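Okay, so here's the structure we're looking at.
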Amino acid sequence: MKVKSGYIILLIVFAALLSIGIPKAQAFKPFVIGDQGAFLKLDFQGQLYGVWRDTGSGADKTSGTANIYFRRNRLTFWGHGTDKYGAIVQIEYAGERRISPLAVNNEPGKDFYLLDAYFMADFSNSFRIYAGKHKIQLTRENLEDCFEPLSIDRSIFIYTPFKHSRDTGVTVWGNIPSAKMQYRLQVSEGYNSGESPKSSLMYTGRVHVSVLDPESAFGYKGTYLGKKKVLTFGAGVQYQPDAVYSDVIAKTGVKSYSAWTADLFFEYPFKIGALTLSAAYLKTDFNEAYKGSNPDTESLGIDGAKKGWYVKTGFLFPQKIGPGQLQPFIRYETWDFAQLENVLNQKIKWIGAGVNYFIYGERFRITVEYSNTDFDKELNPQSVDFNTVSTMLQYRF
């Protein structure tokens, strides 16, 4: 694997300038207007990526491709009119990205969109109602804060089952008792298009049990940087009746969608440093819709019928190096797909390793990660093994 030397030098200089030039700051805190009862919080968060992959783009498919783009650039408005009722609105820009998770595109993709917009009614710690566009409540990976993962980002194979990461609907959730157990029940729009057999809603349920310190928030973290002692076991199920056709042209073979997941998360601060360990399994099923003559494309591909698991671990060193702390990590995943890139029964093994450098708490972060994607069947140009080197500058205000 050869990476252009100029690209590496640029990254090293970039990191060095950041580490010496950022003014001292404490942990990430949003700007707040108002008091405890009625307030408006504003925050801006961004992730600038520099990525290299050993597959080409455009007319040249033999040399590597380098790409610098915004993975996320997000502005959040979080307000409460009273101590019970509030709302969150998030807008985001992402682009110009040519290196996607499984391919190198000739033209860059970019988006500016409304990410979240939902109403919150917090009646008690055990009973809350959130309504609007927000995260699908199935997997821990999707519910982890995308600015606080352990590795450079969350798994591309698990955090978006069937309908991306968000959906419009209503979630009832809460913590019982003493926040040691958390439940989530969601009814949402699900997948409905001109190709859908029926306009059916999607139903999601999730529960977790925390043995040590509770995880009581609406979202999880990929690492608490050694500030908590956590051992959490979670599970989720999801179902949408009559979701797809096995023959979308003839409109025959109506199939339902279902999924289930199980996960665990462990983090413990020892004297020599904080150990983090996380693992999960996911299976999504479309009742063998992929065996039809012209199956709905939503039942295929990276978010279609599949099963697999991941395990990831990291270790945060307590000693500071310059203004920040180092946290090396490693992640391994294996997945079986019903069909991926026009290859039936495709399997993928993915391994990645890297290091996080947290500068002055959680406000600034630099991450470098190397990963290898290994296809079991290399039957077309879209299913050839490749290596990726990813770097990220993250900033939060």
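All conditions in (1) more than 30 Å from residue 342 (Cα to Cα); (2) surrounded by 18 or more Cβ atoms within 10 Å (Cβ to Cβ); (3) of a type in the set (A, V, I, L, M); (4) over 18 Å from the mean Cα position of the chain (by Cα) hold for residue 131, with the sole exception of (2).
Just the residues that are part of a loop (DSSP other than H, G, I, E, B) and closer than 16 Å to residue 103 by Cα, please, taken from region 378-397. Scanning region 378-397 gives 378, 379, 380, 384, 385. Mind listing just one residue for me: the one in region 27-47 that is surrounded by 15 or more Cβ atoms within 10 Å (Cβ to Cβ) and among the hydrophobic types (A, V, I, L, M, F, W, C) and, of those, modelled with the lowest pLDDT? Of everything passing the filter in region 27-47, 28 is modelled with the lowest pLDDT. Among the residues of region 63-70, are any part of a loop (DSSP other than H, G, I, E, B), among the small types (Gly, Ala, Ser), surrounded by fewer than 17 Cβ atoms within 10 Å (Cβ to Cβ) and at pLDDT below 90? Yes, because at least one residue in region 63-70 is part of a loop (DSSP other than H, G, I, E, B), among the small types (Gly, Ala, Ser), surrounded by fewer than 17 Cβ atoms within 10 Å (Cβ to Cβ) and at pLDDT below 90.
Taken over region 336-355, the criterion of being assigned to a strand (DSSP E or B), in contact (Cβ under 8 Å) with a residue 60 or more places away in the chain and not hydrophobic (A, V, I, L, M, F, W, C) is satisfied by 352, 354. Are any residues in region 146-192 in contact (Cβ under 8 Å) with a residue 60 or more places away in the chain, surrounded by fewer than 23 Cβ atoms within 10 Å (Cβ to Cβ) and of a type in the set (Ser, Thr, Tyr), and if so, which ones? Residues satisfying the conditions are 160, 191. Scanning region 278-296 for residues that are under 25 Å from the mean Cα position of the chain (by Cα) and within 13 Å of residue 337 (Cβ to Cβ) turns up 282, 283, 284, 285, 286. Against the list (1) in a loop (DSSP other than H, G, I, E, B); (2) at negative phi; (3) not charged (D, E, K, R), the condition residue 88 fails is (1).
Comparison of 233, 265 shows that the only residue that is surrounded by fewer than 20 Cβ atoms within 10 Å (Cβ to Cβ) and within 30 Å of residue 353 (Cα to Cα) is 233. Checking each residue in region 197-230 for being touching a helix residue (DSSP H, G or I) at 6+ places or on another chain (Cβ under 7 Å) and surrounded by 19 or more Cβ atoms within 10 Å (Cβ to Cβ) picks out only 220. Residue 333 satisfies every condition listed in (1) charged (D, E, K, R); (2) crowded, with 23+ Cβ neighbours inside 10 Å; (3) in contact (Cβ under 8 Å) with a residue 60 or more places away in the chain except (2). For region 204-234, how many residues are of a type in the set (Gly, Ala, Ser) and in contact with a Gly (Cβ under 9 Å, 6 or more places away or on another chain)? Within region 204-234, residues that are of a type in the set (Gly, Ala, Ser) and in contact with a Gly (Cβ under 9 Å, 6 or more places away or on another chain) number 3.
Filtering 98, 53 for residues that are among the basic types (Lys, Arg), without any contact (Cβ under 8 Å) to a residue 60 or more places away in the chain, over 16 Å from residue 393 (Cβ atoms) and touching a strand residue (DSSP E or B) at 6+ places or on another chain (Cβ under 7 Å) leaves a single hit, 98.
If we scan region 82-89, do we find a residue that is at pLDDT 90 or above and touching a Pro at 6+ places or on another chain (Cβ under 7 Å)? No: zero hits. For residue 264, the conditions (1) at pLDDT below 95; (2) of a type in the set (A, V, I, L, M); (3) under 18 Å from the mean Cα position of the chain (by Cα) all hold with the exception of (1).
The values are calculated or read from the model by the stated rules, or taken from the named source; none is laboratory data. A quick note: this is a predicted structure, and the numbers were derived from the prediction, not measured. Cβ atoms come from the backbone with ideal geometry, glycine included; neighbour counts cover every protein chain shown.
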